[in-house]
Amino acid sequence: MALAAITKKDVTKILGAVDGFLKIPAKRFWVDYDEEADVLYLSFRKPQHASESDLRDDGVIVRKSRGEVVGLTILDASNR
């Protein structure tokens, strides 16, 4: 997969999101976006299989392992 060109406008948008990223209580996290499915994946540990998941009314799947939240799957991500 080719890397998309990042523009100055993109950099401004990314910098606008920094505050939100810093508020995530995990020191490290991984982000993946599936453009075709419009799904954003956030993993708060190295990506792993969750042993349980809960679908919230807002289209967010909370992924857990041993009762601890290990990630979020955000459906219809581009419309948020």
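Each value in this text was obtained by applying a stated rule to the coordinates, not by laboratory testing. Remember, predicted model here, so these are calculated numbers, not experimental data. FYI the Cβ positions are ideal-geometry reconstructions off the backbone, even for glycines, and counts take in every protein chain you see.
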Note on the stretch 1-37: residues within 17 Å of Arg80 (Cβ to Cβ), assigned to a helix (DSSP H, G or I) and among the aliphatic types (A, V, I, L, M) are Ile14, Ala17
Inset, instruction - Answer yes or no: is there a residue in the stretch 4-14 that is loosely packed, with under 14 Cβ neighbours inside 10 Å and under 15 Å from the mean Cα position of the chain (by Cα). - result: yes
Restricting the stretch 54-71 to residues that are surrounded by 14 or more Cβ atoms within 10 Å (Cβ to Cβ) and of a type in the set (Gly, Ala, Ser), the one nearest to Ala4 (Cα to Cα) turns out to be Gly71
Condition set exposed (fewer than 15 other Cβ atoms within 10 Å of the Cβ) and small (Gly, Ala, Ser), scope the stretch 23-52, selection farthest from Val70 (Cα to Cα): answer is Ala37
Restricting attention to the stretch 1-45, the residues that are among the charged types (D, E, K, R) and in contact with a strand residue (DSSP E or B) (Cβ under 7 Å, 6 or more places away or on another chain) number exactly 2
